[in-house]
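Just passing along the structure, written as structure tokens.
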Amino acid sequence: MTRGLFAKLASANIRKNRKIYAPYIFACVGVVMMFYLICSLSYDPDILDFYCGGSLMVILRLGCIVVGIFAVIFLFYTSSFLMKRRKTELGLYNVLGLGKGHIAKVLAWETLMVWGESVVLGLISGMIFGKLAQVCLLRMMGGGVNYNFSISAKTMVITAALFAGIFGVIYIKNVIEIYRMKTIDLLYSAKQGEKKPRANYVLAIAGVIMLGAGYYIALAVKNPLEAITFFFFAVILVIAGTYSCMISGSVALLSALKKNKTYYYKTNHFISTSAMMFRMKKHGAGLASICILATMVLVMISSTACLYIGADKAMEINYPRDMEMQYAAYGTDRATLDASALDLNRVITRAMNDEDVRTAGDIEYSLCSLYAKPDATDETAFSCAAFSGDTSVISVSVVTVDDYNKNFGKNAVLANDEVLVYGKGVSYDESVISFGGMKLKVAGEAEGLVIRGADAADISDCLYIVTADEDVLLKIYDAMEKEATAKNYPRPGLVAYRAFDLMSDDGLRVQDNDKLNRVQDAIYTVQSESYNGAFGKPVKYDSLNFSIRNRNAAGEIYGLYGGLFFLGILLSILFMGAAVIIMYYKQVIEGYDDKERFDIMQKVGMSLGEVKKTINSQVLTVFFIPLLGAGVHMAFAFPIIALMLRVFMISDISLLAIITVGAFIAFALFYIVSYLITSRAYYKVVAAE
Amino acid sequence: MAILEVKNVKKIYTTRFGGAKVQALSNVSFSVEDGEFVAIMGESGSGKTTLLNILASLDKPTSGEVTLKGMNLSHIREKDIAAFRRDHLGFVFQDFNLMDNFSVMDNIFLPLVLSGKKYPEMSQRIKPIAASLGISEILQKYPYEISGGQKQRTAVARAVITNPELILADEPTGALDSKSADELLDIFREINESGQTILMVTHSIKAASKAGRVLFIKDGEVFHQLYRGAGTDEEMFQRISDTLTMLQAGGNMQAGGEIKAGGERQ
Ligand SMILES: Nc1ncnc2c1ncn2[C@@H]1O[C@H](COP(=O)(O)OP(=O)(O)OP(=O)(O)O)[C@@H](O)[C@H]1O
Ligand SMILES: [Mg+2]
């Protein structure tokens, strides 16, 4: 037999099995395209040039790895389905005189052809969409767009090689399987009677426990810093739990129902219960996969969209002015605070002169800053706490009503025992509040107060308290300091704070990040001169902490969040495509199975209408399970996602809620539409004569 | 009393795209008495399955009428047909038609559950039937775990559990080895002797020789029929093979003539 024959046979096979081969090749092309796309972006010089290009590269490389791992799992899964359907045909070849070696050769040709087709088509579409993707990414990062078209040979080689590897391994697996099987098994493998599903109670219970544990972790974590680690564990538990629940849990539940004779032998329960058992056994893994993919899409899209959309508002409060700086004094006296405030002004004035810029929109106040925690028994009584990242610990800043009025254009008047409050993340609705035993009346909300950027960026919630005067402020400070000393906690600080925008000589706002950085450097320089006595008698600097931040980091964050959102979208498209392919295959298998049932049930005396009704309801139940599962997973993931976003300076829970619900609705629509489209494959099989 | 009457039944298939017409049955008339065991024989493509499907109300004749226990099948409303079939007819097919997701017991229960019977009654009914068919031991097994003969006996149990007026069997021994086939035929004869009416399509002379009467179909018509009378199985076997040889040779017996002459009733 000549080599040409095998090649011809192989290409004829692919054409003949179009119905099941086409989605496979489509899936391969899609995965190749995604891999090439993300991989080439991660080497794109235009993106590297961007000011957050470096960190984005890392993220994109991680994205590459994710797609790579995904490609292995997904292609193994779909190809195994393909092989199952084709074994009869291969068995027939075997019977008709093609040796197993020959079959292996035919398969080798098939694999080679599919690989070639997917890599070529995948790379071409990758190049076409690559430019589009690059433009989108740059736009989302807030950058400009260029129109040069670049092709990365390196990426093409990596892509082709990776998929050659995957296809090779799949091929070897298939050949081993064929050598192991007897001809007769090959012939009948597609028609082999379904084994009775056995309920594996151990696995079912383990699944429920894992799912419960995953959910519990997601709800129990209160610390944003720990959230990411715990999220990882929760995800693994939920994935494992979903698989075992859907595979064994469902069968266990159904066989329990089946044991109940009065329930089971009812006309409308009888057929669906045992049919569902077989359906779940066969499709449990597929359903769990769809459910997991759906959940991943929802988590990715809602969190990254929240980052991207929330970035504007977040940056506004994270960087209230172009430049912010403060002296924080821990465990010193009032005089040191005054001296440091004075010093801060001198330093700024000098630096402004040196750099030829002016300040605008100045904010200048002193405050007492501390970490506190409400008592377990009394929500209104705060006592000193150490910062741990726990959400129960909040950062409290105390300012005087004079500073508040002066800086934010108000004219509030407070009695001695009255305060105004303003919260980030928390809204304080009580009518009283006490610190270290000092009870104060809450007179209202400190509207229009602009909190320090560092507080906005802090993962802890924070509360600003406006007091009648400095005496009250210092009383709070003293009370809390005593408590901190006694408990050996970090002591509260007294802070001199300044924030302002920068205007250049011509009266325009400074836009240039480099200029911002130069001014920041100048301030540093003058500050260290002051430390060395440039302004005469030095302040007791040893107990002072100087810190400064400017808006320039905001651009970087924009770019990063844009990049994350972009990657989230790409991966979501990939995962949704995978879900559709799995759904399609599931429908085709179900179609073949149901066709036989259709015929038999009619023969034993069900009308066509009844048969259609019972089967439809089963197919629909099976269809809704993954969507329902994804919805429940998402609901439990919500709190921990909200917690993690705090690390990224986003603490707007209502925004996350809106986006999550929106994403779920959009996904459900997509899911229903793709169900309707793939179910045509089902009806075609069932209706075939 | 005739339990089943078939009068001038004609069936013309039109292919789906309105192309060629196939006349599967041209003019079939016969009747079956209560308690009879009738076999139908004929060449492949002669219209046996078509006839059976019409009797089973799975298909409608182009013209002519079928009456079961005085009920004209074409007068039954579409939505009542399934229930009618369930209550009055039992089926045994060549390829068993068992549902692979039901245990043997549940397969047998299927028609009863569909007509809303309660579990205690069903389990009461199945006991003697399973015992007489020799499948009591395998009731909990699934179709993939049992042999072809056992599958066919399960199918018989499913057909008789509703106490139907008539059992229709389409080549019930076709997929069985000769031993299982013999066992099945003995079972058929037993249930027939206990009063059950059976109509069976078969290619096997041996199977047909167990019946009380054999109808031969050719070119869409009942061409000839044989009665067992007091003859033994062996005699019956011989007469059937003679008839078939004659038919093959393009026999000169005219259908009408034979039947009008009362067949070979002795
Ligand atoms: N659904 C159909 N559409 C068109 N023609 C049909 C259809 N079913 C059967 N026929 C034709 O009607 C004729 C009788 O078919 P039928 O299946 O009744 O034969 P049979 O006697 O059962 O044959 P066999 O012994 O091979 O089972 C055949 O010529 C067949 O091709
Ligand atoms: Mg037939």
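The values are calculated or read from the model by the stated rules, or taken from the named source; none is laboratory data. Quantities reported herein were computed from a predicted structural model and do not represent experimental measurements. FYI the Cβ positions are ideal-geometry reconstructions off the backbone, even for glycines, and counts take in every protein chain you see. Just the protein is used for accessible areas: all its heavy atoms, side chains included, with ligands, DNA and RNA removed. Shrake-Rupley method; radii C 1.70, N 1.55, O 1.52, S 1.80 Å.
Determine, yes or no, whether residue B:45 is within 13 Å of ligand 2 (Cβ to nearest atom) and open to solvent by 50 Å² or more (accessible area, probe 1.4 Å). Spell out the reasoning first.
Working: within 13 Å of ligand 2 (Cβ to nearest atom): yes; open to solvent by 50 Å² or more (accessible area, probe 1.4 Å): yes.
So residue B:45 passes the test.
Now for a separate question. What tally of residues in region B:111-132 results from selecting those that are more than 24 Å from residue A:602 (Cβ to Cβ) and more than 8 Å from chain A (Cβ to nearest Cβ)?
Matching residues across region B:111-132 total 9.
So which residues in region B:48-64 are more than 9 Å from ligand 1 (Cβ to nearest atom), open to solvent by 10 Å² or more (accessible area, probe 1.4 Å) and at pLDDT 85 or above? Step through it out loud before you land on a result.
To start, the set of residues in region B:48-64 that are more than 9 Å from ligand 1 (Cβ to nearest atom) comprises B:54-58, B:60-64.
Now drop any that are not open to solvent by 10 Å² or more (accessible area, probe 1.4 Å), which leaves B:57-58, B:60-64.
Selection gives B:60, B:61, B:62, B:63, B:64.
In region A:644-689, which residues are over 19 Å from residue A:297 (Cα atoms) and among the aliphatic types (A, V, I, L, M)? It would help to see each step written out before you state the result.
Within region A:644-689, the first condition is being over 19 Å from residue A:297 (Cα atoms), and the residues that meet it are A:646-654, A:676-689.
Listed by number, the residues that qualify are A:647, A:649, A:650, A:653, A:676, A:677, A:681, A:685, A:686, A:687, A:688.
Which one is modelled with the lowest pLDDT, of the residues in region B:82-97 that are farther than 15 Å from residue B:201 by Cβ and in contact with a Gly (Cβ under 9 Å, 6 or more places away or on another chain)?
Step by step, filter region B:82-97, then rank; the result is B:82.
Among the residues of region B:65-95, how many are aliphatic (A, V, I, L, M), away from chain A (no Cβ under 11 Å) and surrounded by 15 or more Cβ atoms within 10 Å (Cβ to Cβ)? Spell out how you get there, then give the answer.
Restricting attention to region B:65-95, the residues satisfying the condition of being aliphatic (A, V, I, L, M) are B:66, B:68, B:71, B:73, B:76, B:81-83, B:89, B:92.
Checking the rest, the ones that are also away from chain A (no Cβ under 11 Å) come to B:66, B:68, B:71, B:73, B:76.
Still in the running and surrounded by 15 or more Cβ atoms within 10 Å (Cβ to Cβ): B:66, B:68, B:73, B:76.
Total satisfying the criteria: 4.
Looking at residue B:31, is it part of a strand (DSSP E or B), away from ligand 2 (no atom under 16 Å from the Cβ) and either within 14 Å of another protein chain (Cβ to nearest Cβ) or open to solvent by 30 Å² or more (accessible area, probe 1.4 Å) (or both)?
Working: part of a strand (DSSP E or B): yes; away from ligand 2 (no atom under 16 Å from the Cβ): yes; either within 14 Å of another protein chain (Cβ to nearest Cβ) or open to solvent by 30 Å² or more (accessible area, probe 1.4 Å) (or both): yes.
Taking the combined requirement at face value, the residue satisfies it.
Also, I was wondering about something else. Just to be sure, is residue A:68 in a helix (DSSP H, G or I) and over 29 Å from residue A:592 (Cβ atoms)? Working first, answer last.
On the way: in a helix (DSSP H, G or I): yes; over 29 Å from residue A:592 (Cβ atoms): yes.
Yes.
While we're looking at this one, here's another question. In region A:599-611, which residues are among the hydrophobic types (A, V, I, L, M, F, W, C), buried (at least 18 other Cβ atoms within 10 Å of the Cβ) and in a helix (DSSP H, G or I)? Lay out the reasoning, then the answer.
Here is the first cut: in region A:599-611, the residues among the hydrophobic types (A, V, I, L, M, F, W, C) are A:600-601, A:604, A:606, A:608, A:611.
Checking which are buried (at least 18 other Cβ atoms within 10 Å of the Cβ) leaves us with A:600-601, A:604, A:606, A:611.
Of everything in region A:599-611, those that are among the hydrophobic types (A, V, I, L, M, F, W, C), buried (at least 18 other Cβ atoms within 10 Å of the Cβ) and in a helix (DSSP H, G or I) turn out to be A:600, A:601, A:611.
Pick out the one residue from A:580, A:526 that is in a helix (DSSP H, G or I), more than 36 Å from the chain's Cα centre (by Cα) and farther than 30 Å from residue B:102 by Cα. Full working, then the answer.
On the way: A:580 fails: more than 36 Å from the chain's Cα centre (by Cα).
Only one candidate qualifies: A:526.
Output the number of the condition that residue A:325 fails; it satisfies all remaining conditions of (1) outside the structural domain of residue A:392 (by TED's automatic domain parsing); (2) open to solvent by less than 30 Å² (accessible area, probe 1.4 Å); (3) modelled with pLDDT of 90 or more; (4) not β-branched (Val, Ile, Thr).
Failing condition for residue A:325: (3).
If you check residue B:155 against the conditions, is it buried (at least 18 other Cβ atoms within 10 Å of the Cβ) and within 14 Å of another protein chain (Cβ to nearest Cβ)?
Details: buried (at least 18 other Cβ atoms within 10 Å of the Cβ): yes; within 14 Å of another protein chain (Cβ to nearest Cβ): yes.
Yes: the conditions hold for residue B:155.
Now for a separate question. Quick check on region B:14-24. Is at least one of its residues open to solvent by less than 30 Å² (accessible area, probe 1.4 Å), more than 8 Å from ligand 1 (Cβ to nearest atom) and not β-branched (Val, Ile, Thr)? Steps first, please.
Start the filter on region B:14-24 by keeping residues that are open to solvent by less than 30 Å² (accessible area, probe 1.4 Å), which leaves B:24.
Then keep just the ones that are more than 8 Å from ligand 1 (Cβ to nearest atom); that gives none.
The answer is no, given that none of the residues of region B:14-24 is open to solvent by less than 30 Å² (accessible area, probe 1.4 Å), more than 8 Å from ligand 1 (Cβ to nearest atom) and not β-branched (Val, Ile, Thr).
Only one residue in A:247, A:271 is more than 10 Å from chain B (Cβ to nearest Cβ), among the β-branched types (Val, Ile, Thr) and touching a residue at least 12 places away in the same chain (Cβ under 8 Å). Which one? Steps first, answer last, please.
Details: A:271 fails: more than 10 Å from chain B (Cβ to nearest Cβ).
Result of the check over A:247, A:271: A:247.
With the requirement that a residue be surrounded by 22 or more Cβ atoms within 10 Å (Cβ to Cβ) and charged (D, E, K, R), what does region A:567-593 give you?
A:586, A:590
Condition check ((1) surrounded by 18 or more Cβ atoms within 10 Å (Cβ to Cβ); (2) touching a Lys or Arg at 6+ places or on another chain (Cβ under 7 Å); (3) farther than 20 Å from residue A:457 by Cβ) across all residues:
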site: A:377; (1), (2), (3): no, no, yes
site: A:382; (1), (2), (3): yes, yes, yes
site: A:387; (1), (2), (3): no, no, no
site: A:393; (1), (2), (3): yes, yes, no
site: A:403; (1), (2), (3): yes, no, yes
site: A:410; (1), (2), (3): no, no, yes
site: A:415; (1), (2), (3): no, no, yes
site: A:418; (1), (2), (3): yes, yes, yes
site: A:424; (1), (2), (3): yes, no, no
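State all residues of region B:3-13 that are crowded, with 16+ Cβ neighbours inside 10 Å and either within 16 Å of ligand 2 (Cβ to nearest atom) or at pLDDT below 70 (or both); if no residue qualifies, say none.
Residue satisfying the conditions is B:11 alone.
Report yes if residue B:54 is in a helix (DSSP H, G or I), away from every other protein chain (no Cβ under 12 Å) and out of contact with any Asp or Glu (no Cβ under 9 Å at 6 or more places or on another chain), otherwise no.
Working: in a helix (DSSP H, G or I): yes; away from every other protein chain (no Cβ under 12 Å): yes; out of contact with any Asp or Glu (no Cβ under 9 Å at 6 or more places or on another chain): yes.
The answer is yes for residue B:54.
On to the next question. Note down all Cβ pairs under 8 Å where the first residue falls in region B:96-109 and is facing chain A (nearest Cβ under 7 Å) and open to solvent by 10 Å² or more (accessible area, probe 1.4 Å), the second is hydroxyl-bearing (Ser, Thr, Tyr) and in a helix (DSSP H, G or I), and they're at least six residues apart or on different chains.
Within 8 Å, the pairs are B:100/B:144.
Which is more than 23 Å from residue A:216 (Cα to Cα), surrounded by fewer than 23 Cβ atoms within 10 Å (Cβ to Cβ) and away from chain B (no Cβ under 11 Å), of A:259, A:266? Let's see the steps before the verdict.
Values: A:266 fails: away from chain B (no Cβ under 11 Å).
Selected residue: A:259, the only one of A:259, A:266 that is more than 23 Å from residue A:216 (Cα to Cα), surrounded by fewer than 23 Cβ atoms within 10 Å (Cβ to Cβ) and away from chain B (no Cβ under 11 Å).
While we're here: Go through region B:160-183 and give me each residue that's more than 16 Å from ligand 1 (Cβ to nearest atom) and charged (D, E, K, R).
Listed by number, the residues that qualify are B:165, B:177, B:179, B:182, B:183.
If you go through region A:452-463 one residue at a time, do you hit one that is of a type outside the set (S, T, N, Q) and at pLDDT 90 or above? Full working, then the answer.
As a first pass, look at region A:452-463 and keep what is of a type outside the set (S, T, N, Q): A:452-459, A:461-463.
Checking the rest, the ones that are also at pLDDT 90 or above come to A:452, A:463.
Checking region A:452-463: at least one residue is of a type outside the set (S, T, N, Q) and at pLDDT 90 or above.
Starting from region A:544-557, take each residue that is over 18 Å from residue A:139 (Cα atoms) and list its partners that are open to solvent by 50 Å² or more (accessible area, probe 1.4 Å), counting only C-beta distances under 8 angstrom and pairs at least six apart or across chains.
Partner pairs satisfying both residue conditions: A:545/A:330; A:547/A:454; A:548/A:524; A:549/A:454; A:550/A:517; A:551/A:321; A:552/A:517.
Being farther than 22 Å from residue A:646 by Cβ, at pLDDT 85 or above, surrounded by 17 or more Cβ atoms within 10 Å (Cβ to Cβ) and out of contact with any Leu (no Cβ under 7 Å at 6 or more places or on another chain) is the requirement here; does residue A:355 meet it? Working first, answer last.
Numbers: farther than 22 Å from residue A:646 by Cβ: yes; at pLDDT 85 or above: no; surrounded by 17 or more Cβ atoms within 10 Å (Cβ to Cβ): yes; out of contact with any Leu (no Cβ under 7 Å at 6 or more places or on another chain): yes.
Spelling it out, it is not the case that residue A:355 is farther than 22 Å from residue A:646 by Cβ, at pLDDT 85 or above, surrounded by 17 or more Cβ atoms within 10 Å (Cβ to Cβ) and out of contact with any Leu (no Cβ under 7 Å at 6 or more places or on another chain).
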